[in-house]
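The values are calculated or read from the model by the stated rules, or taken from the named source; none is laboratory data. These figures come from a predicted structure and were not determined experimentally. Virtual Cβ from ideal backbone geometry, glycine too; neighbours counted across all protein chains shown.
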Amino acid sequence: MAVVFGSSGGIGRALAEGLIASGRYRSVYAVSRSGLEIEGTLNRQAEFTDEAQLAALAAEIGSAGQVGLCLVASGLLSADGVQPEKTYRALSAEAFARVFAANTIAPALIAKHVLPLMPKAERSVFAALSARVGSISDNRLGGWHAYRASKAALNMLIRNFAIEQARRAPGSICVSLHPGTVDTGLSKAFQASVPGEKLFSPEQSARYLLDVVDRLTPEDSGKCFDWAGKEVPA
């Protein structure tokens with residue numbers, strides 16, 4: 001079965017719908033904070049930083065079988081009181097905490113409860129949406145401190161999970177994925193400078209990402225890949 005966390009967002013919903021349309025999974029769980037109904041999926045509501053809720057959800061999913069694919073598509077770039085910082089003078093402990101909770105802590109806790117549900121020998125994929133701006137070596141512009149740091153931290157966690165899973169589950173693949181710039185609420189305020197051909201619809205991005213997931217091998221585990229399947233440097 002497959003599980004998509006963050007299914008109420010533009011990319012998450014498109015991923016869930018793409019998995020249903022593929023017909024490759026006997027069941028697809030679509031998990032969101034809002035409990036958004038997506039036709040054909042098993043819709044569930046959960047707060048991704050609430051371990052009691054995640055544990056209960058994992059128990060339910062585990063009773064139905066093993067998870068072959070888990071996609072974490074949730075995240076936070078801006079909100080009331082949270083905006084990408086142009087300078088260190090704009091840093092805020094509260095904003096940092098909110099961004100890290102959404103972009104780093106939530107995927108980590110999801111992994112904690114879902115990785116044990118994945119097979120040990122057969123191929124499985126755990127993938128979380130990251131961002132190219134989380135690459136330390138590729139950073140040329142600076143700024144966006146909390147968001148960059150949260151995604152860099154997520155990429156490190158993915159590497160850690162990959163190392164641990166390689167010891168206990170040789171068929172396991174853990175990666176982070178850069179979806180490109182997608183026409184969703186998350187990026188709406190930052191699209192003005194993006195060329196039209198590089199602004200993807202959620203459905204387009206989801207299609208690209210699922211193609212990348214299909215091509216992954218255990219040798220790719222621990223890495224970050226963009227929507228075209230190219231490795232994003234750490």
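Here are a few things to note about the model shown:
- Residue among 41, 104 that alone is touching a helix residue (DSSP H, G or I) at 6+ places or on another chain (Cβ under 9 Å) and closer than 18 Å to residue 174 by Cα: 104
- When residue 155 is tested against (1) more than 13 Å from the chain's Cα centre (by Cα); (2) more than 21 Å from residue 7 (Cβ to Cβ), only condition (1) is not met.
Residues checked against (1) out of contact with any Pro (no Cβ under 7 Å at 6 or more places or on another chain); (2) outside any helix (DSSP H, G or I); (3) modelled with pLDDT of 90 or more:
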{"position": "166", "(1), (2), (3)": "yes, no, yes"}
{"position": "173", "(1), (2), (3)": "no, yes, yes"}
{"position": "176", "(1), (2), (3)": "yes, yes, yes"}
{"position": "184", "(1), (2), (3)": "no, yes, no"}
{"position": "192", "(1), (2), (3)": "yes, yes, no"}
{"position": "197", "(1), (2), (3)": "yes, no, no"}
{"position": "205", "(1), (2), (3)": "no, no, yes"}
{"position": "208", "(1), (2), (3)": "yes, no, yes"}
{"position": "214", "(1), (2), (3)": "yes, no, yes"}
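- Looking across region 70-114 at every residue that is touching a Lys or Arg at 6+ places or on another chain (Cβ under 9 Å) and within 30 Å of residue 26 (Cα to Cα), the one that is surrounded by the fewest Cβ atoms within 10 Å (Cβ to Cβ) is identified as 104.
- In region 124-147, the qualifying residues are those that are under 18 Å from residue 224 (Cα atoms) and more than 15 Å from the chain's Cα centre (by Cα), and the one that is surrounded by the most Cβ atoms within 10 Å (Cβ to Cβ) is 124.
- Restricted to region 1-110, the set of strands (runs of 3 or more DSSP E) holding at least 1 residues that are at negative phi and of a type in the set (D, E, K, R) comprises 42-45.
- Scanning region 5-30 for residues that are in contact with a helix residue (DSSP H, G or I) (Cβ under 6 Å, 6 or more places away or on another chain) and polar (S, T, N, Q) turns up just one, 7.
- Tally, over region 120-150, of residues that are part of a strand (DSSP E or B) and charged (D, E, K, R): 0
- Which numbered condition residue 154 misses (of (1) surrounded by 21 or more Cβ atoms within 10 Å (Cβ to Cβ); (2) within 15 Å of residue 231 (Cβ to Cβ); (3) not aromatic (Phe, Trp, Tyr)): (2)
- Count of region 28-59 residues which are loosely packed, with under 15 Cβ neighbours inside 10 Å, over 21 Å from residue 76 (Cα atoms) and without any contact (Cβ under 8 Å) to a residue 40 or more places away in the chain: 6
- The residue pairs whose first member lies in region 61-79 and is in contact (Cβ under 8 Å) with a residue 12 or more places away in the chain and farther than 28 Å from residue 99 by Cα, whose second member is in a helix (DSSP H, G or I) and not hydrophobic (A, V, I, L, M, F, W, C), and whose beta carbons are closer than 8 Å, counting only pairs six or more residues apart or on different chains, are 62/116.
- Criterion: over 28 Å from residue 199 (Cα atoms) and of a type in the set (A, V, I, L, M, F, W, C) - qualifying residue of 109, 154: 109
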